[in-house]
Amino acid sequence: MAGRRLVSAIHVAVCVVASAMGFVLPETVDAQWVVLHGKNASAARNIPAEPLKALIETARKGAEVKCIAFAPNGGWVVLSGKNSFSARNIPAEALRILSEQQKKGTEFKWMSFSPNGGWALFAGNSSFALDIGEEPFQKLDEIVKKRQHLKSISFAPNGGWVILSDKNNYFAKDIPQELMQKLDDLGVKKPELKTVVFSPNGGWAVLYNKNSVEASPNFPDDILAALKDLQKKGAAFKSISFLATSFVPLSKDDQETRDEVLWRMNRSEVPGLGIALVNNGKLEWARGYGVLRAKGDQPVTEHTRFQAGSISQLVTAVAALRLVQQGTLALDQPLNDKLVSWKVPESEFTREKQPTLRHVLSHSAGFNVPAVALTAKSSFTLLDVLDGKADTPAIGVGFVPGSKVEFSAGGFLVVQQLLVDAAGKPFPELVREQVLGPVGMPESTFEHPLPKEWETAAAVGHLAEQQPLEQRWQDCTPMLAATGLWTTPADLSRFIVALSATHQAKPDAILAPAQYKELFTRQVADMGLGTILTGKGKSLSFAVRGANAGYTCYLIGFPATGQGAVLMTNSDTGERLIKELVESLRLEYGWPEGG
């Protein structure tokens with residue numbers, strides 16, 4: 001029969017079978033999936049550390065695992081017991097409904113996510129859903145009104161869907177004909193249908209009765225082998241869940257890997273991508289994918305420059321700390337003591353507490369103007385922006401410094417003026433002397449307009465649908481400290497290496513131990529100086545997302561382990577691509593948990 005594939009017993013070494021005793025990660029990396037079976041046992045391959053930990057903890061408590069589901073943005077949820085759940089990075093409305101139903105004592109049964117980020121939750125005798133399409137939404141409502149038992153809803157990569165209810169009823173739309181025929185054939189035998197699952201490559205499988213499976217020829221072989229092994233042991237199957245995006249082995253630079261990355265770039269409407277990887281305290285590799293300009297033929301290479309957006313602020317923070325260790329500035333001295341060309345305006349909040357360099361570098365000074373963007377070819381000066389004579393309000397303090405965190409690009413323009421006044425030289429020259437030169441970042445600059453000789457190696461910024469910016473890229477004059485860095489992933493990786501070296505207190509480190517400690521100490525909430533901090537000890541990481549018009553970038557570093565990465569795109573739509581590739585790097589290179 002077409003599409004028929006019966007599962008029998010066979011063992012496969014790359015599969016990991018987990019029970020209530022815990023999990024063992026596989027030695028190889030490929031597809032990412034989880035098979036739930038029995039009360040709370042699982043077979044898993046290459047899933048991220050956090051959902052893996054949630055499954056482990058649930059199993060150790062002896063609770064029943066009901067369901068695990070992965071969202072396309074990398075979020076996940078585990079339903080267990082009567083109405084317990086663990087979740088990370090799922091839609092706010094889904095989290096709200098889960099929390100509300102948990103408080104009501106409603107029993108959780110099933111949750112799944114659609115390819116576009118929609119979701120459906122079965123709890124008690126009700127269903128809750130958002131952004132799954134009108135037809136499946138109406139069908140769920142109809143089933144609930146008829147008081148039928150909802151079992152599962154599955155979404156295909158092409159937008160199709162299958163709902164299972166009662167013992168063996170199903171409703172489907174836009175699924176493969178072979179799958180439809182298989183469900184019809186099984187319906188004649190009236191088995192107990194468990195669930196239908198779709199793999200990322202478009203394959204499918206039907207779980208039914210205790211541990212029977214029928215699957216399409218293109219369903220992943222490693223899962224089928226795992227199921228055969230479990231079948232031999234008499235395990236009862238519950239479900240199969242795939243990560244919405246499969247693993248990419250980025251340590252490789254073969255054609256297959258490049259084709260996969262380019263496919264993902266095209267899906268995310270990203271013309272060009274640069275990546276650099278830090279491992280064992282050194283720049284391990286850097287490479288480019290795609291083109292400088294959509295529909296062009298000039299390739300992105302490891303020497304291609306991108307606009308770094310807010311990553312500029314971390315470099316600015318290190319430049320400021322260099323002046324602190326040289327005695328030119330002090331972290332806790334009022335800004336107005338050193339500002340010459342401009343002063344922080346007095347307000348009710350500054351009368352209570354004066355903002356300091358520590359406050360502004362940790363985005364807790366109270367400054368307004370969260371983002372700065374000037375009209376093209378404007379002639380505004382930095383003082384014009386500070387005084388509100390440009391395209392944004394005058395820079396001022398709107399809450400008591402140090403009381404909370406509110407991101408302010410305007411605050412970093414105050415830092416820019418402070419550094420220029422203190423050092424008596426232009427900002428690009430100052431940062432080159434204090435950071436870019438000592439670190440060894442020859443392909444980086446804060447100069448705007450971009451030097452003519454660098455233009456041929458610069459990535460053109462793009463809006464949605466790969467539409468190039470009319471002026472190629474944004475001239476960030478005069479807001480350089482906030483958004484003005486032109487750089488390469490390789491140069492920024494050298495910056496990560498330099499900061500990791502300061503962790504070891506080397507004599508020639510870019511920062512002295514005192515200033516390094518300040519940089520990576522939580523000042524307010526999770527804000528360090530110029531960066532967000534996650535984890536602690538060996539798991540401490542610093543991360544910054546940068547986004548100028550036409551560019552999306554990300555930097556992450558683990559100073560204790562000498563690991564990290566930089567990903568830069570020439571598109572407004574690069575965030576999904578970056579998240580997927582960062583998760584692949586996290587898995588492949590074993591980044592510390594919690595970072």
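The values are calculated or read from the model by the stated rules, or taken from the named source; none is laboratory data. Since we're looking at a predicted model, the values are computed, not measured. Neighbour counts run over all protein chains shown; Cβ positions are idealised from the backbone, glycine included. Each accessible area value is taken on the protein alone, full model and side chains, heavy atoms only, with ligands, DNA and RNA left out. Shrake-Rupley method; radii C 1.70, N 1.55, O 1.52, S 1.80 Å.
Determine, yes or no, whether residue 475 is open to solvent by less than 10 Å² (accessible area, probe 1.4 Å) and among the acidic types (Asp, Glu). No, not satisfied. The residue that is surrounded by the fewest Cβ atoms within 10 Å (Cβ to Cβ), among those in segment 296-335 that are of a type in the set (Gly, Ala, Ser) and within 33 Å of the chain's Cα centre (by Cα), is 296. When the residues of segment 567-586 are filtered to those that are of a type in the set (D, E, K, R) and not in a loop (DSSP other than H, G, I, E, B), which remaining residue is farthest from the chain's Cα centre (by Cα)? Among those residues, the one meeting the criterion is 586. Close Cβ contacts (under 7 Å, 6 or more residues apart or on different chains) running from residues in segment 336-364 that are in contact (Cβ under 8 Å) with a residue 12 or more places away in the chain to residues that are part of a helix (DSSP H, G or I) and small (Gly, Ala, Ser) comprise 338/422; 357/320; 360/411; 361/317; 361/320; 363/411. Sort out which residues of segment 565-595 are in contact with a strand residue (DSSP E or B) (Cβ under 7 Å, 6 or more places away or on another chain) and either of a type in the set (Ser, Thr, Tyr) or over 15 Å from residue 546 (Cβ atoms) (or both), and write them in order of number. Within segment 565-595, 569, 571, 581, 585, 589, 591, 592, 594, 595 meet the criteria. Mind telling me which of the residues 533, 540 ends up being in contact with a strand residue (DSSP E or B) (Cβ under 8 Å, 6 or more places away or on another chain), more than 25 Å from residue 458 (Cα to Cα) and open to solvent by 10 Å² or more (accessible area, probe 1.4 Å)? Result: 540 is the single residue among 533, 540 that is in contact with a strand residue (DSSP E or B) (Cβ under 8 Å, 6 or more places away or on another chain), more than 25 Å from residue 458 (Cα to Cα) and open to solvent by 10 Å² or more (accessible area, probe 1.4 Å). Within segment 251-274, the presence of a residue that is in contact with a strand residue (DSSP E or B) (Cβ under 8 Å, 6 or more places away or on another chain), part of a strand (DSSP E or B) and either surrounded by fewer than 24 Cβ atoms within 10 Å (Cβ to Cβ) or β-branched (Val, Ile, Thr) (or both) is excluded. Consider segment 543-561 and keep the residues that are under 24 Å from residue 476 (Cα atoms) and of a type in the set (A, V, I, L, M). The one that is surrounded by the most Cβ atoms within 10 Å (Cβ to Cβ) is 555. Scanning segment 284-325 for residues that are at positive phi and either among the hydrophobic types (A, V, I, L, M, F, W, C) or in a strand (DSSP E or B) (or both) yields a count of 1. For residue 564, the conditions (1) over 23 Å from residue 358 (Cα atoms); (2) open to solvent by 20 Å² or more (accessible area, probe 1.4 Å); (3) under 21 Å from the mean Cα position of the chain (by Cα) are fulfilled apart from (2).
Let's see how each residue does on (1) out of contact with any helix residue (DSSP H, G or I) (no Cβ under 7 Å at 6 or more places or on another chain); (2) of a type in the set (Asp, Glu); (3) closer than 30 Å to residue 506 by Cβ:
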residue	(1), (2), (3)
370	no, no, no
381	yes, no, no
386	no, no, no
390	no, no, no
399	no, no, no
402	no, no, no
407	yes, no, no
410	yes, no, no
434	no, no, yes
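How about segment 167-219: which of its residues are small (Gly, Ala, Ser), outside any loop (DSSP other than H, G, I, E, B) and open to solvent by 10 Å² or more (accessible area, probe 1.4 Å)?
Within segment 167-219, 172, 187, 212 meet the criteria.
Hand me the list of helices (runs of 4 or more DSSP H) wholly inside segment 373-433 holding 2 or more residues that are small (Gly, Ala, Ser) and open to solvent by 20 Å² or more (accessible area, probe 1.4 Å).
Output list reads 409-423.
A Cβ distance below 8 Å, combined with a sequence gap of six or more or placement on separate chains, defines the contacts here; from segment 454-470, residues that are assigned to a helix (DSSP H, G or I) reach residues that are of a type in the set (S, T, N, Q) and surrounded by 17 or more Cβ atoms within 10 Å (Cβ to Cβ) in the pairs 454/445; 457/304; 464/573; 466/571. When residue 330 is tested against (1) touching a helix residue (DSSP H, G or I) at 6+ places or on another chain (Cβ under 6 Å); (2) among the aliphatic types (A, V, I, L, M); (3) more than 25 Å from residue 556 (Cβ to Cβ), exactly one condition is not met: (1).
Across segment 572-595, the number of residues qualifying as touching a Gly at 6+ places or on another chain (Cβ under 7 Å), modelled with pLDDT of 90 or more and open to solvent by less than 50 Å² (accessible area, probe 1.4 Å) comes to 0. Restricting to segment 103-116, and then to whatever is more than 22 Å from residue 583 (Cβ to Cβ) and in a loop (DSSP other than H, G, I, E, B), can you tell me which residue is most open to solvent (accessible area, probe 1.4 Å)? Only one residue tops the list, namely 104.
If you go through segment 478-530 and keep only what is in contact with a Lys or Arg (Cβ under 7 Å, 6 or more places away or on another chain), open to solvent by 20 Å² or more (accessible area, probe 1.4 Å) and not in a helix (DSSP H, G or I), you end up with 523, 524. Residues that are assigned to a strand (DSSP E or B), of a type outside the set (Ser, Thr, Tyr) and open to solvent by less than 30 Å² (accessible area, probe 1.4 Å) within segment 51-102 comprise 65, 67, 68, 69, 70, 76, 77, 78, 79, listed in sequence order.
Residues in segment 234-250 that are among the hydrophobic types (A, V, I, L, M, F, W, C) and not in a loop (DSSP other than H, G, I, E, B) were compared, and the one that is modelled with the lowest pLDDT is 242.
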